[in-house]
Amino acid sequence: MERGVKEAQQYVWDGAIPLQIHLHDSEVTTLPPPSPALILAPRIGYLPLLSSQLKPFFSEALPPGVDTIWFEYKGLPLKWYIPTGVLFDLLCAEPERPWNLTVHFRGYPGNILIPCDGEDSVKWSYINSLKEAAYIIHGSSKNVMNMSHPDQVELWRSVMNGKLETYNRISSKLKLGIIEDEFSGKPNPSPSKGQHGVDETEATAAVKASRIPVRLYLWTINEDFDDLEEAPHFDSWDQISYINRPVEFNTEGKYFTLLDAVKSVLPEFYPDSSNRTNAESTNEERIEPEKESHPVIKLLRIQGIEPKMEIPFSWVVNNLMNPDYFLHICLYIKARKTIGT
Amino acid sequence: MVSIKATCDGSLSSINFQIAAITFAEKWKKFNSDLPEWLWIDCSNRLGFAAHGVRDGYLSVQNVFFQIQRSLKEDYGECSSLNDYEEPFDIATLTTGDDGYWYDFHVVYSSSYSVPVLYFRARSSDGQPLNKDEIEKNLPTGSAKVLTDSKWTFITQEEHPYLNRPWYMLHPCGTSEWMKLILAGENPAIENRNEQYLISWFSVVGQVFGLKLPFEMLKSVG
């Protein structure tokens, strides 16, 4: 059973996106222009971390000046603090292999992207997300803030270099074990309130509700398309809604599915949803023809997978979360706009 | 009741934040006619679909002007708000109408930390945005020290959750801790505890910029 969890986590950590990276025309000063770089980017990693691999390809072609790396996809500057895999799942409705990106080393769009000064900025952003996740889970970020400096460095390095064993060894000290999950055979290593030295039975009895860190990237569409290839592409981040809301998870023996979790963080679309057994309504949504006002999930992707909505949410969290302890969900929802909006 | 528990641990629920925000804006307007008004920016329909019975949004005040007072010695700069600021010693000052910075402040609720968060951006009179160093340099001297010494908050640049643009904010990770201390002496069962939360919160974060709440507003929540 333990092996099941390790396997799934290893799959996630091994996941990578093949990239074909072109230097932007405006920055090419050599003839012939440099050929695109072909590299494999870890799903759980971040684009600016590829900088050291990319520079050798392009440094000769660059105009003189200071380099500040940034990426764009079809004209859309990419938010560097979003994990690479999430960007791919979100922006490429029909997965493009390799994924063609354009790299810039000049002209950083500071009015759209927050500054990135290299690895340190990415590390800071990662630790910040980890603190936020810890706060959501425990009500306090103390365990992350109190990490020893060597531990923090090693944890970050393990994420950068995809060293899962090191990551698990250090992150387990943070006691961020989230949900009792009978489906992965992985016991909850700690009570959700993070009390050290509390009697185990007392702690488990006290744990009835948890908050799970979730980040949802939502595209609301009102046209229909049958084929993902026909999905219009994004030219602005304003078309995507970023929902950073924890899922309130009640562990009282109820069967809480992925669909239940998604509904609970989107009360705008699902006003009646609450933590209840949703087996019936799940079937309802799939069998009944689409009502006019009924939102329909066109696509839901986590770590490049499109999981069945009936899967227990606890399994999804324990196996598919990112190293920052957030579950990142990409979602396309079709909903009819009301007249007059 | 959930709200009583919330104020005891220094946090605020999303619904209570919305209620308190509207009241805050009304009182500010009533007691503070010198400064621009706070507006509640409704974002309930931002997902592109008319939300059913769900309110989402934030408080916004735009174009708050902070005048810089410069001495004849060019290397000395202070910032004061329109309310009041005492020069510690008597020096000749040179001010022009343009000599100041324009701030926008947004109060946005964080679901992760269950507290309000102050987002802000600043620009000079010619419209040039200020960076973090320039902003910190121009804070009232007392608060700049508080920021650097304290573990309660710090200025950081992050994406505005609704506007998709980089804004500055006072990081919320310590907010519930210091709110717990502030509210410790208060009676949690009073009627306007949500209002009290937000007013107490603002009386602290506003100080970073030299923004003081009018006495009547503080008095109104006991």
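Based on this model, can you work out whether A:L331 counts as assigned to a loop (DSSP other than H, G, I, E, B), within 21 Å of B:D56 (Cβ to Cβ) and at pLDDT 65 or above?
no
Consider A:A134 carefully, then state whether it is surrounded by 21 or more Cβ atoms within 10 Å (Cβ to Cβ) and either under 30 Å from A:I333 (Cβ atoms) or modelled with pLDDT under 95 (or both).
In short, yes.
Against the definition (part of a loop (DSSP other than H, G, I, E, B), surrounded by fewer than 17 Cβ atoms within 10 Å (Cβ to Cβ), modelled with pLDDT of 85 or more and more than 13 Å from every other protein chain (Cβ to nearest Cβ)), how does B:E86 come out, yes or no?
No.
Return the residue satisfying two criteria in turn: it lies in the stretch A:35-66 and is closer than 30 Å to A:Y325 by Cβ and small (G, A, S), and of such residues it is farthest from the chain's Cα centre (by Cα).
Top of the filtered list is A:S52.
Quick check on my filter: what residues within the stretch B:139-159 are within 14 Å of chain A (Cβ to nearest Cβ) and at pLDDT 80 or above?
B:T153, B:F154, B:I155, B:T156, B:Q157, B:E158, B:E159, listed by residue number.
With the condition kept exactly as written, say whether any residue in the stretch A:28-37 is hydroxyl-bearing (S, T, Y) and in a helix (DSSP H, G or I).
No, the conditions are met nowhere in the stretch A:28-37.
As an exercise: evaluate A:H149 against (1) touching a residue at least 60 places away in the same chain (Cβ under 8 Å); (2) more than 14 Å from every other protein chain (Cβ to nearest Cβ) and give the number of the one condition it does not meet.
(1)
Take A:E94 and tell me if it is part of a loop (DSSP other than H, G, I, E, B) and acidic (D, E).
yes
Pick out the one residue from B:L218, B:L118, B:L198, B:L139 that is in a loop (DSSP other than H, G, I, E, B), under 18 Å from the mean Cα position of the chain (by Cα) and at negative phi.
Result of the check over B:L218, B:L118, B:L198, B:L139: B:L139.
Can you tell me which residues in the stretch B:180-220 are in contact (Cβ under 8 Å) with a residue 24 or more places away in the chain and acidic (D, E)?
B:E186, B:E195, B:E216
Working only within the stretch A:285-304, note down all residues that are under 29 Å from A:V86 (Cα atoms) and modelled with pLDDT under 50.
Selection gives A:E285, A:R286, A:E290.
Quickly run through the stretch A:38-83 and pick out the residues that are without any contact (Cβ under 8 Å) to a residue 60 or more places away in the chain, of a type in the set (G, A, S) and in a helix (DSSP H, G or I).
Those that are without any contact (Cβ under 8 Å) to a residue 60 or more places away in the chain, of a type in the set (G, A, S) and in a helix (DSSP H, G or I): A:S52, A:S59, A:A61.
Being at pLDDT below 90, surrounded by fewer than 22 Cβ atoms within 10 Å (Cβ to Cβ) and closer than 16 Å to A:N319 by Cα narrows it down to one of A:F225, A:F183, so name that one.
Going through A:F225, A:F183 in turn, just one is at pLDDT below 90, surrounded by fewer than 22 Cβ atoms within 10 Å (Cβ to Cβ) and closer than 16 Å to A:N319 by Cα: A:F183.
With A:K123, A:K74 as the choices, which residue is in contact with a helix residue (DSSP H, G or I) (Cβ under 6 Å, 6 or more places away or on another chain) and either at pLDDT below 95 or surrounded by 16 or more Cβ atoms within 10 Å (Cβ to Cβ) (or both)?
Checking each option against the conditions leaves just A:K123.
For residues that are exposed (fewer than 15 other Cβ atoms within 10 Å of the Cβ) and modelled with pLDDT of 95 or more, tally how many sit in the stretch A:15-56.
Of the residues in that region, 3 qualify.
The values are calculated or read from the model by the stated rules, or taken from the named source; none is laboratory data. Just so it is clear, the model here is predicted, and its values are computed rather than measured. Ideal geometry is used to build each Cβ from the backbone, glycine not excepted, and the neighbour counts take in all protein chains shown.
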